[in-house]
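*Asks:* The structure follows.
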Ligand code: NAD
């Protein structure tokens, strides 16, 4: 069993980006600028946004963090997004999800200029993805593709089972893995909460992408020998022995599953850092269209 190490692969991507940004700077061109919007004080969201801002610093991007109280109205938030849409210096806009219940995720996503939608959630970008056109690929599935590419995982002709059908992970992941690309060219089965006999599908899989948000759901008896497993899940599970009061758990029971795998991602240190690296790549790509 080998580890698909997201820390190593994301570092390689960030190192390349740092060189590219230094080059832009040396040529007097525009430097990528990511604007991150955080609403409220959700602990996990705070951590994710802080990691994204830190990654911007590492690669030499400009970043702006815009914070709002939990009570901000949807109208006010949309006004801010429109301001960012119209600011020529901003290349990428990221609104950290989830948002408070009184604000519609859909309305917010639809308001972001598709050309600055570096999370790749806007329907225009999802539509372009479906048609195999150049687009901003949603950061988590894009990060997973970059991870498979980094470790030269053979995917063509393999059977990939994606567990979860969310718009931000499962569904775009299934499209990417089935695309005529490398990585890609998989035969894909997408499973979800209403799938019957999930174990049977998983046992047929050469590649499993677990993105359901249920800690340690995928057990050893669901996995055949030699499977490649990408564990997208991140759930905070209470743990009184830790200062933070929690530990992070993936969707895969790592200890029992890993020995059966050819490759597996750890949690943390797998998909999480790759999501951030993919976001950086999308932001860079947005910037260079303006240079
Ligand atoms: P979601 O809740 O939107 O979707 C979960 C999906 O899992 C649904 O489509 C549902 O049908 C399916 N599902 C639920 N129970 C199931 C079951 N018993 N059997 C089969 N399918 C089942 O979640 P999401 O936003 O796609 O995120 C999934 C997980 O990935 C979460 O833990 C989330 O925190 C994590 N995540 C991690 C990153 C990262 O950067 N590492 C990014 C995004 C999401």
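*Asks:* For the structure I just gave you, tell me whether residue 108 is assigned by TED's automatic domain parsing to the domain that holds residue 229, more than 15 Å from the chain's Cα centre (by Cα) and more than 25 Å from residue 8 (Cβ to Cβ).
*Replies:* Considered against the rule, which asks whether it is assigned by TED's automatic domain parsing to the domain that holds residue 229, more than 15 Å from the chain's Cα centre (by Cα) and more than 25 Å from residue 8 (Cβ to Cβ), residue 108 comes out as no.
*Asks:* While we're looking at this one, here's another question. Does residue 249 count as more than 26 Å from residue 97 (Cα to Cα), within 15 Å of the ligand (Cβ to nearest atom) and out of contact with any helix residue (DSSP H, G or I) (no Cβ under 6 Å at 6 or more places or on another chain)?
*Replies:* In short, no.
*Asks:* Looking at (1) farther than 30 Å from residue 23 by Cα; (2) surrounded by fewer than 16 Cβ atoms within 10 Å (Cβ to Cβ), which is the one condition that is false for residue 188?
*Replies:* Among (1) farther than 30 Å from residue 23 by Cα; (2) surrounded by fewer than 16 Cβ atoms within 10 Å (Cβ to Cβ), residue 188 violates only (2).
*Asks:* Among (1) surrounded by fewer than 17 Cβ atoms within 10 Å (Cβ to Cβ); (2) within 16 Å of the ligand (Cβ to nearest atom); (3) at pLDDT 95 or above; (4) over 21 Å from residue 80 (Cα atoms), there is one condition residue 44 misses while meeting the rest; what is its number?
*Replies:* Tallying (1) surrounded by fewer than 17 Cβ atoms within 10 Å (Cβ to Cβ); (2) within 16 Å of the ligand (Cβ to nearest atom); (3) at pLDDT 95 or above; (4) over 21 Å from residue 80 (Cα atoms), residue 44 fails exactly one: (3).
*Asks:* A follow-up question, please. Return the pairs, sorted by first residue and then second, in which the second residue is surrounded by fewer than 23 Cβ atoms within 10 Å (Cβ to Cβ), the first residue lies in the stretch 221-247 and is more than 28 Å from residue 202 (Cβ to Cβ), the beta carbons are less than 8 Å apart, and the residues are 6+ apart or on different chains.
*Replies:* Taking only residues 6 or more apart or on different chains, the pairs are 245/238; 245/239.
*Asks:* Moving to a separate point now. When you check residue 99 against the structure, is it touching a residue at least 60 places away in the same chain (Cβ under 8 Å), surrounded by 17 or more Cβ atoms within 10 Å (Cβ to Cβ) and assigned to a loop (DSSP other than H, G, I, E, B), yes or no?
*Replies:* yes
*Asks:* Checking the structure you have, find out if any residue of the stretch 38-48 is more than 25 Å from residue 272 (Cβ to Cβ), out of contact with any strand residue (DSSP E or B) (no Cβ under 6 Å at 6 or more places or on another chain), outside the structural domain of residue 247 (by TED's automatic domain parsing) and outside any helix (DSSP H, G or I).
*Replies:* No, the conditions are met nowhere in the stretch 38-48.
*Asks:* Taking residue 213 as the residue in question, decide whether it is closer than 22 Å to residue 153 by Cα, at pLDDT 95 or above, in the same structural domain as residue 157 (by TED's automatic domain parsing) and under 15 Å from the mean Cα position of the chain (by Cα).
*Replies:* No; evaluated as a whole, the condition is false for this residue.
*Asks:* Here is a further query. Considering every residue within the stretch 261-271, establish whether at least one is more than 22 Å from residue 148 (Cα to Cα) and in contact with a strand residue (DSSP E or B) (Cβ under 9 Å, 6 or more places away or on another chain).
*Replies:* No: the stretch 261-271 contains no residue that is more than 22 Å from residue 148 (Cα to Cα) and in contact with a strand residue (DSSP E or B) (Cβ under 9 Å, 6 or more places away or on another chain).
*Asks:* Could you count how many residues in the stretch 111-128 are surrounded by 22 or more Cβ atoms within 10 Å (Cβ to Cβ) and not in a loop (DSSP other than H, G, I, E, B)?
*Replies:* Matching residues across the stretch 111-128 total 3.
*Asks:* Looking only at strands (runs of 3 or more DSSP E) that lie completely in the stretch 207-291, which have at least 2 residues being surrounded by fewer than 16 Cβ atoms within 10 Å (Cβ to Cβ)?
*Replies:* Correct list: 235-238, 246-249.
*Asks:* Let me ask you something else. Residue under question is residue 276, and the condition is that it be within 16 Å of the ligand (Cβ to nearest atom), outside the structural domain of residue 148 (by TED's automatic domain parsing) and touching a helix residue (DSSP H, G or I) at 6+ places or on another chain (Cβ under 8 Å); does it hold?
*Replies:* yes
*Asks:* I've got another one for you. Please find, within the stretch 135-183, the residue that is surrounded by the most Cβ atoms within 10 Å (Cβ to Cβ) out of those that are within 16 Å of the ligand (Cβ to nearest atom), without any contact (Cβ under 8 Å) to a residue 40 or more places away in the chain and outside any helix (DSSP H, G or I).
*Replies:* By that ranking, first place goes to 138.
*Asks:* Quick one: in the stretch 184-199, which of the residues that are part of a loop (DSSP other than H, G, I, E, B) and out of contact with any strand residue (DSSP E or B) (no Cβ under 7 Å at 6 or more places or on another chain) is nearest to residue 230 (Cα to Cα)?
*Replies:* 184
*Asks:* Which residues, taken from the stretch 1-37, are in contact with a helix residue (DSSP H, G or I) (Cβ under 6 Å, 6 or more places away or on another chain) and without any contact (Cβ under 8 Å) to a residue 60 or more places away in the chain?
*Replies:* Residues satisfying the conditions are 18, 35.
The values are calculated or read from the model by the stated rules, or taken from the named source; none is laboratory data. Bear in mind the structure is a predicted one, so any value in this text is a computation, not a measurement. For neighbour counting, all protein chains shown are included, and Cβ atoms are generated from backbone atoms with ideal geometry for every residue, glycine included.
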